[in-house]
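S.K.: One structure follows; several queries about it will come next.
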Amino acid sequence: KMSRILAIDYGKKRCGIAVSDPMRIVAGGLTTVSSAELPAYIKKYVQQEDVGIIVIGEPKKMDGTESETMTYIRPFLNNLRKVLPDMPLALVDERFTTKLAQRAMIDGGVKKKGRDNKNGVVDMVSATIILETFMDMERNGVKPNIVK
């Protein structure tokens with residue numbers, strides 16, 4: 001039996017969330033949630049839907065070293081682990097996702113005003129790209145970077 005993959009583009013103030021279908025074929029943006037409300041939102045979502053793994057974008061610098069953003073993603077991961085002790089959590093290298101998200105929206109004809117991310121669209125598109133990256137890895141048999 002298959003289960004959904006939930007992906008998070010974690011930001012200091014706001015997070016984009018994307019989710020796969022239960023067959024893990026299609027990725028789609030779900031919503032944008034304030035960072036403070038995120039653990040409660042995810043807990044509720046997981047109670048309603050069959051989620052098999054949660055993937056979180058791991059921001060790295062171009063040279064592959066950890067970016068400052070990880071300093072506030074880590075407490076979030078620890079918090080999520082408390083809220084959902086049995087849920088597998090994985091990190092996905094997201095060095096290119098924000099650029100890709102903006103590029104995808106330009107290619108998709110989204111006007112400049114729609115790309116300024118006031119409404120969180122970029123966060124949701126970024127989460128979708130994180131999800132698609134993970135799904136590609138899964139299809140290609142690449143082992144996920146599971147958070148211990």
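S.K.: Do you know which residues across the range 58-83 are open to solvent by 70 Å² or more (accessible area, probe 1.4 Å) and hydrophobic (A, V, I, L, M, F, W, C)?
M.R.: 62, the sole residue that qualifies.
S.K.: Pick from the range 95-126 the residues that are of a type in the set (Lys, Arg) and either modelled with pLDDT of 85 or more or in a helix (DSSP H, G or I) (or both): which of them is nearest to residue 33 (Cα to Cα)? Lay out the reasoning, then the answer.
M.R.: Applying the first criterion (of a type in the set (Lys, Arg)) to the range 95-126 yields 95, 99, 103, 111-113, 115, 118.
Still in the list and also either modelled with pLDDT of 85 or more or in a helix (DSSP H, G or I) (or both): 99, 103, 112-113, 115.
On the way: 99: 21, 103: 23, 112: 23, 113: 21, 115: 18 Å.
Among those residues, the one meeting the criterion is 115.
S.K.: Consider residue 28 against the criteria (1) loosely packed, with under 14 Cβ neighbours inside 10 Å; (2) not in a strand (DSSP E or B): it satisfies all of them except one. Which criterion is unmet?
M.R.: In the conditions (1) loosely packed, with under 14 Cβ neighbours inside 10 Å; (2) not in a strand (DSSP E or B), residue 28 misses (2) alone.
S.K.: One residue is enough: does the range 44-57 have a residue meeting the conditions open to solvent by less than 90 Å² (accessible area, probe 1.4 Å) and in a helix (DSSP H, G or I)? Step through it out loud before you land on a result.
M.R.: Taking the range 44-57 first, the residues open to solvent by less than 90 Å² (accessible area, probe 1.4 Å) are 45-46, 49-57.
Now restrict to residues that are in a helix (DSSP H, G or I): 45-46.
There is at least one residue in the range 44-57 that is open to solvent by less than 90 Å² (accessible area, probe 1.4 Å) and in a helix (DSSP H, G or I).
S.K.: Go through the residues of the range 127-134 one by one and say whether even a single one is of a type in the set (Ser, Thr, Tyr), part of a helix (DSSP H, G or I) and either under 15 Å from residue 11 (Cα atoms) or modelled with pLDDT under 75 (or both).
M.R.: Just the residues of the range 127-134 that are of a type in the set (Ser, Thr, Tyr), to begin with: 128, 133.
Cutting the leftovers down to part of a helix (DSSP H, G or I) gives us 128, 133.
Keeping just the survivors that are either under 15 Å from residue 11 (Cα atoms) or modelled with pLDDT under 75 (or both) gives 128.
Scanning the range 127-134, I find at least one residue that is of a type in the set (Ser, Thr, Tyr), part of a helix (DSSP H, G or I) and either under 15 Å from residue 11 (Cα atoms) or modelled with pLDDT under 75 (or both), so the answer is yes.
S.K.: If the Cβ limit is 8 Å and pairs must be 6+ apart or interchain, which residue in the range 62-83 that is closer than 13 Å to residue 10 by Cα and at pLDDT 90 or above pairs with which residue that is of a type in the set (Phe, Trp, Tyr) and open to solvent by less than 70 Å² (accessible area, probe 1.4 Å)?
M.R.: Once the first residue is closer than 13 Å to residue 10 by Cα and at pLDDT 90 or above and sits in the range 62-83, its partners that are of a type in the set (Phe, Trp, Tyr) and open to solvent by less than 70 Å² (accessible area, probe 1.4 Å) give 73/10; 76/10.
The values are calculated or read from the model by the stated rules, or taken from the named source; none is laboratory data. The shown structure was predicted, so the numbers you read here are calculated from the model rather than taken from an experiment. Here Cβ is always computed from backbone atoms with ideal geometry, including for glycine, and neighbour counts include all displayed protein chains. To get the accessible areas, we keep the full protein, side chains included, count just its heavy atoms, and leave off ligands, DNA and RNA. Shrake-Rupley method; radii C 1.70, N 1.55, O 1.52, S 1.80 Å.
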